[in-house]
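*Asks:* First the structure, which I've put down as structure tokens, then a few questions once you've had a look.
The values are calculated or read from the model by the stated rules, or taken from the named source; none is laboratory data. Fair warning: this is a prediction, and the values are worked out from it, not measured in the lab. Here the Cβ positions follow ideal geometry from the backbone for every residue, glycine too, while neighbour counts run over all protein chains shown.
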Amino acid sequence: MSSDTNAVRCGEELNIEVLAHYLSGRIAGAENGITVAQFPSGHSNLTYLLTAGGQEYVLRRGPLGPVPPKAHDMGREYRVLEAVHPHFPEAPRVFHLCEDTAIIGAIFFVMERRNGLVLGDSIPPELSTVDNYSKRISEAFIQSLVRLHAIDVAQTGLLALGKPDGFLERQVEGWAERWQRAKTDDIGAMEDVIRWLRERRPASGKPTLVHNDYKLDNVMLRIGAVDRIEAVLDWEMTTVGDPLADLGLTLCYWTWAHLPELRSSVAPSLTSEAGWYTREQFVNRYAELSGREVSRIAYYEVLGIFKLAVILQQIYFRFRRGQTADRRFESFGLRVQALVQVAARLAEQNG
């Protein structure tokens, strides 16, 4: 078992014999049988490490139980990666998409295994001795996002991955609809946030790829070179639209040192430690490298927090309905409330 994987969680097992038989002839080594371990991170999609004939692969499938419409679309994520990888090597290469749910009970795809460091709530020992690691990682993280947003979606054909016209309006209305479907408790401030987002929507600039979940624990650092991003993970929500929506959501996870309730809710505290870019440095460096106007970034931050609250609420809704028994989700209701309060405060501060 790899050091970054665990034994498969109870109830999330795969039928190894059926899977190996299906993958034989489709990925190299599967004809010799496969072994399976599970990556422990992530709150929705299930991700497994497959070892076949001495080669390693990653298998991704959606969560157990019913899911919201259009969510956790593994077929779409496969096609996004297939399209983006040639233009952005940090996107892993994909090998096979299986849309036959009889194989493991869900649509899944197999992609390449990348090796590197993924940061969670603490710095691993092998990184703690590296000079200026926090500044170097901050810079690499921003540069990778800028490179993604610099891809010419028209010239590369990637424009087909989304509909940039009306992007922000669809974001607000779509996530508001998801909120209504997943509500378990009335949170009055959420209606204020939605109203503010509708009324204060800015005009979008030139469209780019939008990863839609770009955060520190969705990037993999290159071993021995912390100022290089080895891979960017979790592409299921990628589309084409306003790049500042990416920046705003990313800032939700970059520690608010002056708002501890948000830090304890969603963001790893390590980015509040000495040496990491502050939020202001983060925004200014992105603006410098990308050449984009960021004076309305507060709108995108509120939008990002709003979306994050809805995502956690969808997971909490599944937990409350008994569609997942993962006890990590038990506190998500409180985390949602904290996020809504922060979004409401930000909206109020920005008129």
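*Asks:* Condition (residue is assigned to a loop (DSSP other than H, G, I, E, B), at pLDDT 95 or above and either of a type outside the set (Gly, Ala, Ser) or outside the structural domain of residue 210 (by TED's automatic domain parsing) (or both)) applied to region 68-84: is it met by at least one residue? Quick ask: steps written out before the conclusion?
*Replies:* Taking region 68-84 first, the residues assigned to a loop (DSSP other than H, G, I, E, B) are 68-73.
Narrowing the set further to residues that are at pLDDT 95 or above leaves none.
The answer is no; no qualifying residue exists.
*Asks:* Which one of the conditions (1) closer than 14 Å to residue 250 by Cα; (2) surrounded by fewer than 20 Cβ atoms within 10 Å (Cβ to Cβ) does residue 299 fail to meet, given that it meets all the rest?
*Replies:* All conditions are met except number (2).
*Asks:* Which count do you get for residues in region 75-87 that are surrounded by 20 or more Cβ atoms within 10 Å (Cβ to Cβ) and either among the charged types (D, E, K, R) or touching a Lys or Arg at 6+ places or on another chain (Cβ under 7 Å) (or both)?
*Replies:* Within region 75-87, residues that are surrounded by 20 or more Cβ atoms within 10 Å (Cβ to Cβ) and either among the charged types (D, E, K, R) or touching a Lys or Arg at 6+ places or on another chain (Cβ under 7 Å) (or both) number 1.
*Asks:* Could you tell me whether region 85-101 includes any residue that is part of a strand (DSSP E or B), within 19 Å of residue 40 (Cβ to Cβ) and free of Cβ contacts under 8 Å to residues at least 40 places away in the same chain? Give the steps one after another, and end with the answer.
*Replies:* Step one: of region 85-101, the residues part of a strand (DSSP E or B) are 94-98.
Next cut, within 19 Å of residue 40 (Cβ to Cβ) only: none.
No, there is no match, as no residue in region 85-101 is part of a strand (DSSP E or B), within 19 Å of residue 40 (Cβ to Cβ) and free of Cβ contacts under 8 Å to residues at least 40 places away in the same chain.
*Asks:* I've got another one for you. Within region 41-48, can one find any residue that is small (Gly, Ala, Ser) and more than 19 Å from the chain's Cα centre (by Cα)? Reasoning before the result, please.
*Replies:* Keep residues of region 41-48 that are small (Gly, Ala, Ser), which gives 41-42, 44.
Imposing the further condition that a residue be more than 19 Å from the chain's Cα centre (by Cα) reduces the set to none.
No: zero hits.
*Asks:* Residue check: is residue 170 free of Cβ contacts under 8 Å to residues at least 24 places away in the same chain, over 13 Å from residue 243 (Cβ atoms) and in contact with a strand residue (DSSP E or B) (Cβ under 9 Å, 6 or more places away or on another chain)?
*Replies:* Details: free of Cβ contacts under 8 Å to residues at least 24 places away in the same chain: yes; over 13 Å from residue 243 (Cβ atoms): yes; in contact with a strand residue (DSSP E or B) (Cβ under 9 Å, 6 or more places away or on another chain): yes.
Here the answer is yes, as residue 170 does meet what is asked.
*Asks:* With the condition kept exactly as written, say whether any residue in region 191-201 is more than 29 Å from residue 338 (Cα to Cα) and either in the same structural domain as residue 136 (by TED's automatic domain parsing) or in contact (Cβ under 8 Å) with a residue 40 or more places away in the chain (or both). Spell out the reasoning first.
*Replies:* Quick first cut of region 191-201, residues more than 29 Å from residue 338 (Cα to Cα) only: none.
No, region 191-201 contains no residue that is more than 29 Å from residue 338 (Cα to Cα) and either in the same structural domain as residue 136 (by TED's automatic domain parsing) or in contact (Cβ under 8 Å) with a residue 40 or more places away in the chain (or both).
*Asks:* Examine region 134-142 for a residue that is assigned by TED's automatic domain parsing to the domain that holds residue 283 and either β-branched (Val, Ile, Thr) or outside any helix (DSSP H, G or I) (or both), and state whether such a residue exists. Steps first, answer last, please.
*Replies:* Of region 134-142, the ones assigned by TED's automatic domain parsing to the domain that holds residue 283 are 134-142.
Imposing the further condition that a residue be either β-branched (Val, Ile, Thr) or outside any helix (DSSP H, G or I) (or both) reduces the set to 137, 142.
Scanning region 134-142, I find at least one residue that is assigned by TED's automatic domain parsing to the domain that holds residue 283 and either β-branched (Val, Ile, Thr) or outside any helix (DSSP H, G or I) (or both), so the answer is yes.
*Asks:* If you don't mind, there's one more thing I want to ask. Going through region 100-129 one residue at a time, which ones are over 21 Å from the mean Cα position of the chain (by Cα) and modelled with pLDDT of 90 or more?
*Replies:* 100, 101, 102, 103, 104, 105
*Asks:* Would you be able to say whether some residue in region 173-185 is assigned to a loop (DSSP other than H, G, I, E, B), within 24 Å of residue 340 (Cα to Cα) and not hydroxyl-bearing (Ser, Thr, Tyr)? Please lay out each step first, then the result.
*Replies:* Step one: filter region 173-185 for residues assigned to a loop (DSSP other than H, G, I, E, B), giving 183-185.
Subset that is within 24 Å of residue 340 (Cα to Cα): 183-185.
Those still in the list that are not hydroxyl-bearing (Ser, Thr, Tyr) too: 183, 185.
Within region 173-185, one or more residues are assigned to a loop (DSSP other than H, G, I, E, B), within 24 Å of residue 340 (Cα to Cα) and not hydroxyl-bearing (Ser, Thr, Tyr).
*Asks:* Related question: Could you look through region 202-216, keep only residues that are buried (at least 16 other Cβ atoms within 10 Å of the Cβ), touching a residue at least 40 places away in the same chain (Cβ under 8 Å) and not polar (S, T, N, Q), and pick out the one that is nearest to residue 118 (Cα to Cα)?
*Replies:* Top of the filtered list is 216.
*Asks:* Surrounded by fewer than 22 Cβ atoms within 10 Å (Cβ to Cβ), in contact with a Lys or Arg (Cβ under 8 Å, 6 or more places away or on another chain) and at pLDDT below 90: does that describe residue 329?
*Replies:* Values: surrounded by fewer than 22 Cβ atoms within 10 Å (Cβ to Cβ): yes; in contact with a Lys or Arg (Cβ under 8 Å, 6 or more places away or on another chain): yes; at pLDDT below 90: yes.
So residue 329 fits the description; yes.
*Asks:* Return the residues of region 114-129 that are assigned to a loop (DSSP other than H, G, I, E, B) and surrounded by fewer than 16 Cβ atoms within 10 Å (Cβ to Cβ); say none if nothing qualifies. Before you say what the answer is, go through the steps one by one.
*Replies:* Restricting attention to region 114-129, the residues satisfying the condition of being assigned to a loop (DSSP other than H, G, I, E, B) are 114-116, 118-124, 129.
Across region 114-129, the qualifying residues are 115, 120, 121, 122, 124, 129.
*Asks:* Count, please, the residues in region 186-200 that happen to be in contact with a helix residue (DSSP H, G or I) (Cβ under 8 Å, 6 or more places away or on another chain) and in a helix (DSSP H, G or I). Lay out the reasoning, then the answer.
*Replies:* Keep residues of region 186-200 that are in contact with a helix residue (DSSP H, G or I) (Cβ under 8 Å, 6 or more places away or on another chain), which gives 187, 189-190, 192-194, 196-198, 200.
After this cut, where a residue has to be in a helix (DSSP H, G or I) as well, the list is 189-190, 192-194, 196-198.
Residues that pass the stated criteria total 8.
*Asks:* Let me ask you something else. On the basis of being over 16 Å from residue 238 (Cβ atoms), in the same structural domain as residue 51 (by TED's automatic domain parsing) and surrounded by fewer than 20 Cβ atoms within 10 Å (Cβ to Cβ), does residue 96 make the cut? Before the answer, list the steps.
*Replies:* On the way: over 16 Å from residue 238 (Cβ atoms): yes; in the same structural domain as residue 51 (by TED's automatic domain parsing): yes; surrounded by fewer than 20 Cβ atoms within 10 Å (Cβ to Cβ): yes.
Spelling it out, residue 96 is indeed over 16 Å from residue 238 (Cβ atoms), in the same structural domain as residue 51 (by TED's automatic domain parsing) and surrounded by fewer than 20 Cβ atoms within 10 Å (Cβ to Cβ).
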